[in-house]
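Read through the structure below, which is laid out as structure tokens, and then see the notes.
The values are calculated or read from the model by the stated rules, or taken from the named source; none is laboratory data. Not measured: the values here are computed from a predicted model. Cβ placement follows ideal geometry from the backbone for every residue including glycine, while neighbour counts extend to all protein chains displayed. Keep in mind that these areas ignore ligands, DNA and RNA; they rest on the heavy atoms of the full protein, side chains included. Shrake-Rupley method; radii C 1.70, N 1.55, O 1.52, S 1.80 Å.
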Amino acid sequence: MNMVISALGGILAGAAFKQIWKRVSGDEDAPDAMDRDFTWAQVIVAAAAQGAIFGAVKAATERAGAIGYRKATGDWPTKD
């Protein structure tokens with residue numbers, strides 16, 4: 001179950017980042033670190049934003065999964 005939640009979180013995070021980046025920058029895709037047409041600042045800002053969004057979405061999906069597990073079983077899932 002945890003793998004399914006993690007995969008869903010990754011998909012949601014990717015979609016969220018793509019939409020946010022498009023709205024903020026007006027560009028369809030974020031700069032790639034190896035693309036010489038972008039500055040250091042553009043690449044670092046894009047990477048930082050992507051990391052923050054992925055982290056937030058991952059935490060939200062894991063938390064929602066844990067709450068769903070608790071509602072279904074009465075127990076809180078723990079990491080052993």
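Of the residues that make up segment 57-67, is at least one out of contact with any helix residue (DSSP H, G or I) (no Cβ under 7 Å at 6 or more places or on another chain), farther than 22 Å from G14 by Cα and open to solvent by less than 60 Å² (accessible area, probe 1.4 Å)?
yes
Return the residues of segment 29-56 that are under 14 Å from A16 (Cβ atoms) and assigned to a loop (DSSP other than H, G, I, E, B); say none if nothing qualifies.
A30
Restricting to segment 7-40, what's the tally of residues that are among the hydroxyl-bearing types (S, T, Y) and either in contact with an Asp or Glu (Cβ under 7 Å, 6 or more places away or on another chain) or open to solvent by 60 Å² or more (accessible area, probe 1.4 Å) (or both)?
Number satisfying all stated conditions: 1.
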